Structure formats: C-alpha cells, structure tokens
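This report refers to the structure that appears directly beneath it.
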Amino acid sequence: MADWDKIAILKIQSAPQPPEGMIRLSGPLEHDNIVNGDGLRAVVWTQGCPNHCKGCQNPETWDFEAGMMIEIDEICKRLAEFPGQTGLTFCGGEPFVQPAACKKIADYVRKELGWDVWSFSGFTHEQIKAAGGEAWEFLKSLDALIDGPFILSQRDLSLRYRGSKNQRLLHLELGTGKILSIE
Ligand code: SF4
C-alpha cells in the first residue's frame, strides 16, 4: 500500500466526530440542485476536510471547528419538506469524516422519501474500503460516489459532476459497495 493511501486511511479513521445525533454542516441545505448528480437533488454540505487540495473551491469548509452543528433529526425534517426531489447528494467539506451521521441521513431519505443517495469524497473507493468501520458502512448505503481529490493539474470542466480527470463517478451496488460501472 502506498504511503498516500496509508495517510488517507488514517485521516478517515482519526477525524473528530460530532456528538451522537448531530452533524456539522458548512452551509444551508440546498434543493432543486441539478449539478451535483442526476435528477433533481437536495444537497447536504458537510463541514471539515483534511485533504486540503490545491485549487479547492471551498477552503472555508476545511476547518473541523467551523460551520454549524445541527441535529440529524432536524436535517431529516427539513429535507422531507423539499417537494419533488429525486435524490440527495453529500458534498463538502469531506462527508466521509462524519460517516455515521451521513449514513443516518442517507438511510432516512432512502427509506422515508424514496430518494437515491450520492456522495462526493476526496478519498478513493479503495481507501474508504480499507479504512472500514463507519466510513465503509456509509459508502455501502450509496448509489454513486464521486471519488478522489481535486488535482489542479488535471482540471477538466467538461467532465460530468467532476472537476479533475483523476476523479471517478462510480455507480455502486446498494448494500455491498461493489463498483458496478465507472464514468
Ligand atoms: S476533498 Fe473536496 S473539499 Fe476537501 S480540499 Fe479537496 S476539493 Fe476541497
């Protein structure tokens, strides 16, 4: 395993977690979004990212102490009030450093609202799988993952939902995390 992967796994496993029942967000919930996944989507913007990619568009989301702490039940209640959405996307910040909280929201919108669930991550599918624990459980609750860090030298604005060529849009098998197809 490369040193880069070992560092990524450590970042996932050692990130500070919000208190039980809470999640740290960087901004208000969004709805009617058509640029962060297929269909009409709500978006949860998480706060805290250890990756610090050069050229990141949201550096204000890096600080683990910034943003706002909100009850997960309150997030679910607000999401249920958005009409006509087909899915939810987790953006960041880095959703996979708050995986238990994100999974609770993912499970709620799938079961109660019938939405599909996507997430962005600066980590790769392989790194998240190797990290295991709650991060892997969250990944297994997704329909799609856009993975990998933003790399400025590989920037490409023509890609669907991604900023750089190294990033992949992975369609996943629900419940197993298996990669079904790669864009
Ligand atoms: S993983 Fe995303 S939020 Fe984090 S630094 Fe990279 S581009 Fe920014």
Long-range amide H partners of residue 43 with built H, under 5 Å: 30, 31, 89
Which pairs in the list 104/178; 6/54; 54/140; 6/111; 6/178 are over 25 Å apart, alpha-carbon to alpha-carbon? 54/140; 6/111
Per-residue HN-Hα couplings for region 54-66, Karplus 6.51 cos²θ - 1.76 cosθ + 1.60 at θ = phi - 60°, whole Hz, x for Gly and Pro? 5, x, 3, 7, 10, x, 5, 8, 6, 5, 6, 9, 8
Taking N as the residue count of the chain, its alpha carbon Rg divided by 2.2 N^0.38 Å gives 0.94
From phi via Karplus (6.51, -1.76, 1.60), per-residue ³J(HN,Hα) for region 69-85 in Hz, x at Gly/Pro: 8, 10, 5, 4, 4, 5, 4, 4, 4, 5, 4, 5, 8, 7, x, x, 7
Calculate for the chain the 222 nm mean residue ellipticity that helices alone would give, adding -39,500 (n - 2.57) per DSSP H run of length 4 or more and normalising by residue count, nearest 500 deg cm²/dmol. -7000 deg cm²/dmol
Most fluctuating residue of 119, 164, 141 in a GNM of the chain with Cα springs under 10 Å: which is it? 164
Could you tell me the center-to-center distance, by alpha carbons, between region 109-183 and region 29-59 in angstrom? 13
Reachable aspartates and glutamates, given that their alpha-carbon falls under 17 Å from the alpha-carbon of residue 11 and they are not under 8 places away in the same chain: 3, 63, 65, 94, 126, 134, 137, 147
Placed amide H near residue 155: partners under 5 Å, 5+ positions off or other chain: 165
Amide H contacts under 5 Å for residue 172, placed H, 5+ residues apart: 144, 145, 180
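Every read-out reported here was derived from the displayed coordinates using simple, explicitly stated rules and does not represent laboratory data. Since the structure is predicted, the reported quantities are computational estimates derived from the model, not experimental observations.
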